Structures are given as C-alpha cells and as structure tokens.
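As structure tokens, the structure follows; a few thoughts come after it.
The values are calculated or read from the model by the stated rules, or taken from the named source; none is laboratory data. Just so we're clear, the structure is a prediction, and the values are computed from it rather than from any experiment. All Cβ positions, glycine included, derive from the backbone under ideal geometry; neighbour counts span all protein chains shown. Heads up: the accessible areas ignore ligands, DNA and RNA and are worked out on the full protein's heavy atoms, side chains in. Shrake-Rupley method; radii C 1.70, N 1.55, O 1.52, S 1.80 Å.
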Amino acid sequence: MKAHSPQRASTFAALLTLLVALPAIASAQSVHMPLVGRQFPTLGIAAQGGAVVDLPDEGLKLSPAAGGVARVGLQHVIGPRLSMNADVGIGATWLGAHPMSTAAPADAEVGLAWQIAVLGRYFPIYQRSGLTLAAGVQYSGLRLADVPSSQIGLEMRAGYFRWDSEERFWTLEFGLSLPVLEGLSLPTDFTTNDAAGLPERSWHYMRASLGISRAF
C-alpha cells in the first residue's frame, strides 16, 4: 500500500489542478477575440420629430416637422467604456407651413433629409446590457422646394444596449439635434434685386429622434 501512495497523490493533484483550471479554460473558449479595437458595422432606422421655431417681431411661431431616416454606421471600440461612432442617415421629412424660404411663409411640403454624425460614446463593452450615452457633432440638410437648408450642430443620444452574442448587439436610443450654424443655400441670380427683399431670418430648426440599430 505504501508503494502506491505517491502515485495516488500525483493522480489526486492532477485532478485537483484540472478542476481549478476548467473555469479558466471555459472562459477563454467563450471569448473569441478582444473587444477593444474591434469595429462593428451598424444598420438602423430612426423616427424623427421636431419644429422650426420662428421668433419674428409679432411673436413665437412653430412649424411642426415629422419623418424618418435609415442609418448606416460604424462603431469603433477604443476602450472598455468608450467607443467612437459615425453614422449616415437618409430619409424624408414632412414640414408644415414654414419660414425657411425666400418668400416666407412657404406651404407645407415633404423634403429629402440627410444627416452625418460623429459621436463619442460611453459604452461599457463587458456588460451584457446597460446604459449608453453619446455626444458629438452633426451635419444635416433638408432639401426644400424653394431652397435647400443645411445645419451644423450638436448631437446627443441616450439609450439602452444589449449583446445577443460576442459578435452582435442592438441599441435603442433617444436623440436630440440642436443647431449651432444653419442657413439656406440661396440662388445666385445677380440679375434681379430680389435678395434685397428677403425677410430677416429668425428661425431655428430643432429635432428629436427615437432610433434602433443593430451591430454586426
């Protein structure tokens, strides 16, 4: 019996080592590659609503707006809680009778809408689900019947993310687009003096959005 005790001790030690190592082996097998540095293409849609806020001398006027865009983007993970997000959206917007015209007020119309956004995002990648916050800049435009409108401003989003697997996640978030610089691309016809009679600009176009996106 004494001759076999060293062999039994070594067998017991090997089994104990295997039991201790199994969780680490299983964990290593569940992670296919590091998430930091990964890039995830995204596809999504967003419903948008807002208003053109006009402040002429005679008082406040609001022109309602509603529409939606399809979004294509890319999210680049640069740290355990931080990523960079860029997306392009294109769609349509209905705008009520509004002052964004060379002969205001213009009638209600539907215009082509687009937006480019670049955002820094709080995104804790090692959580299965949780809160995500993003802020950055946006460049957007709305093609109207009279003249096209463009805007550079702030973009802020807040929402919820959830991983379906190590490779895919989806995000549901609410956003605000606030103008900093905005205006109209006026016609360049110098043969008339119509430009001299343009009304003084006193409007600001503000938008909110509710969007869902899927990362691959």
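Selection of segment 72-84 for residues being among the small types (Gly, Ala, Ser) and open to solvent by 70 Å² or more (accessible area, probe 1.4 Å) yields an empty set. Return yes when Glu167 is in a strand (DSSP E or B) and in contact (Cβ under 8 Å) with a residue 40 or more places away in the chain and no when it is not. In short, no.
Between Ala65, Ala46, Ala113, the distinction of being small (Gly, Ala, Ser), in a strand (DSSP E or B) and closer than 30 Å to Ser165 by Cβ belongs to Ala46 only.
When segment 128-159 is filtered for residues that are closer than 17 Å to Gly111 by Cβ and of a type in the set (Asp, Glu), only Asp146 remains. The residue of segment 120-131 that is most open to solvent (accessible area, probe 1.4 Å), among those that are in a loop (DSSP other than H, G, I, E, B) and of a type outside the set (S, T, N, Q), is Tyr126. Selection of first residues in segment 59-81 that are closer than 16 Å to Arg207 by Cα and of second residues that are among the aromatic types (Phe, Trp, Tyr), restricted to Cβ pairs under 6 Å at least 6 apart or on distinct chains, gives the following pairs, ordered by first then second residue: Ala66/Trp94; Gly67/Trp94. Mind checking whether some residue in segment 154-164 is within 28 Å of Ala103 (Cα to Cα), exposed (fewer than 14 other Cβ atoms within 10 Å of the Cβ) and modelled with pLDDT under 95? So far as segment 154-164 goes, no, none of its residues is within 28 Å of Ala103 (Cα to Cα), exposed (fewer than 14 other Cβ atoms within 10 Å of the Cβ) and modelled with pLDDT under 95. Any residue at all in segment 132-143 that's part of a loop (DSSP other than H, G, I, E, B), under 19 Å from Leu74 (Cα atoms), at pLDDT 95 or above and open to solvent by less than 80 Å² (accessible area, probe 1.4 Å)? No.
Condition check ((1) among the β-branched types (Val, Ile, Thr); (2) open to solvent by 70 Å² or more (accessible area, probe 1.4 Å); (3) on the phi > 0 side of the Ramachandran plot) across all residues:
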| residue | (1), (2), (3) |
| --- | --- |
| Ala86 | no, no, no |
| Gly96 | no, no, no |
| Asp107 | no, yes, no |
| Leu112 | no, yes, no |
| Val118 | yes, yes, no |
